[in-house]
Amino acid sequence: MTTPRLVATAWTSAGDTSPRRQPATSPVPVAERVAAIADAGFCGMGLIADDLVAIRDDIGFDALKGLIAAGGLTHVEIELLERWWIPRDAPGHTYDVRDLLFEAADVLRPVMIKIGSGNGPPTTDPLALAAPLRELAEQAAEHGTKVAIETMPFSTIATVPMGAEIVAAAGHPAAGLLVDAWHVFRAHTSLAELRAALRPEMIFGVELDDAAPEIVGTLFDDTVDHRVLCGDGTFDLVGLVATLRDLEFDGPWGVEILSTSFRALPVDRALRLAADSALTVLH
């Protein structure tokens, strides 16, 4: 059996920063990040929009592309676009982020752009988001990439089944889903519900992580400060992996660890721990 391919998602290699920071730019020089990701055995990496701004204004996207190629990495993903359904001329729009991500995509050729929704109660009309998603997917395809909704239980698109309903209604091959273990299990979505909701072509990516049995603080507190390495918590990651493999997904597998203790580690050590933990549930 070949060794599963792993992707170091953005936060896993970011070092001492978090989604709470504004901006959340990594303090780790990007050349050091790329080298550490490659040395830990990952095949790819992710970057957030704040990192992309800093890189664009420093070495530029062409130089970053060269670093990634020199490191032997073959998978790139960028994130995160929220509130993508709000028109450019309306309050709360995120076209500044959209334009940045597409600018980066033109050079970096990412496999996907991860999109969220927005913190708050779940939408009562998911299908209203189908047309804006289709438009966004059309734009992504023009830039040589795809968009993947990451559902989050504290957000407008709260569950994978809800996200799947929107993706199915959008009906565009460049619109799909990012399935994150934390967001699956903290939303109390069962593996049976996951299997029933998903079609193979919808699954653009998967992220592995783990957590304690009880939520620590709010759901947002728990997701950004208290995740644990794969296998150190109580999620049925082996069952999740088996379910997704049955649905024809077999990598590359993202590893996304966020916690106060994890980001305090040296990045090279953190990446090796993350990779080793993911491989234990992918056997």
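Here, each number is a calculation from the coordinates, and none is a lab measurement. These numbers were taken from a predicted model, which means no experiment stands behind them. Virtual Cβ from ideal backbone geometry, glycine too; neighbours counted across all protein chains shown.
Evaluated against (1) among the β-branched types (Val, Ile, Thr); (2) assigned to a helix (DSSP H, G or I); (3) surrounded by fewer than 19 Cβ atoms within 10 Å (Cβ to Cβ), VAL241 falls short on exactly one condition, (3). Residues that are in contact (Cβ under 8 Å) with a residue 60 or more places away in the chain, exposed (fewer than 14 other Cβ atoms within 10 Å of the Cβ) and not hydroxyl-bearing (Ser, Thr, Tyr) occur in the range 246-264; there is at least one. Note on the range 72-105: residues that are on the phi > 0 side of the Ramachandran plot and either touching a residue at least 24 places away in the same chain (Cβ under 8 Å) or crowded, with 18+ Cβ neighbours inside 10 Å (or both) amount to 2. Quick check on the range 1-52: of everything there that is β-branched (Val, Ile, Thr) and not in a loop (DSSP other than H, G, I, E, B), which residue is surrounded by the fewest Cβ atoms within 10 Å (Cβ to Cβ)? This residue is VAL30. Only a single item in (1) in contact (Cβ under 8 Å) with a residue 12 or more places away in the chain; (2) part of a helix (DSSP H, G or I); (3) under 27 Å from GLY251 (Cβ atoms); (4) of a type outside the set (Val, Ile, Thr) is not met by ARG56, and it is number (3).
For the subset of the range 265-274 comprising residues that are of a type outside the set (Lys, Arg) and either surrounded by fewer than 21 Cβ atoms within 10 Å (Cβ to Cβ) or free of Cβ contacts under 8 Å to residues at least 40 places away in the same chain (or both), which member is farthest from LEU237 (Cα to Cα)? Among residues in the range 265-274 that are of a type outside the set (Lys, Arg) and either surrounded by fewer than 21 Cβ atoms within 10 Å (Cβ to Cβ) or free of Cβ contacts under 8 Å to residues at least 40 places away in the same chain (or both), the one farthest from LEU237 (Cα to Cα) is PRO266.
Could you list, in sequence order, all residues of the range 214-238 that are assigned to a loop (DSSP other than H, G, I, E, B), at negative phi and in contact with an Asp or Glu (Cβ under 7 Å, 6 or more places away or on another chain)? Quick ask: steps written out before the conclusion?
Initial filter on the range 214-238 (assigned to a loop (DSSP other than H, G, I, E, B)): 214-218, 227, 229-236.
Now drop any that are not at negative phi, which leaves 214-216, 218, 227, 229-230, 232-236.
Answer for the range 214-238, where residues must be assigned to a loop (DSSP other than H, G, I, E, B), at negative phi and in contact with an Asp or Glu (Cβ under 7 Å, 6 or more places away or on another chain): ILE215, VAL216, ARG227, LEU229, CYS230, ASP232, GLY233, PHE235.
Based on this model, can you work out whether ALA69 counts as more than 30 Å from ARG272 (Cα to Cα) and either more than 19 Å from the chain's Cα centre (by Cα) or touching a residue at least 40 places away in the same chain (Cβ under 8 Å) (or both)? Judged against the criteria, ALA69 is not a match.
Here THR156 passes the criteria (1) among the polar types (S, T, N, Q); (2) surrounded by fewer than 22 Cβ atoms within 10 Å (Cβ to Cβ); (3) closer than 19 Å to THR243 by Cβ except the one numbered (3).
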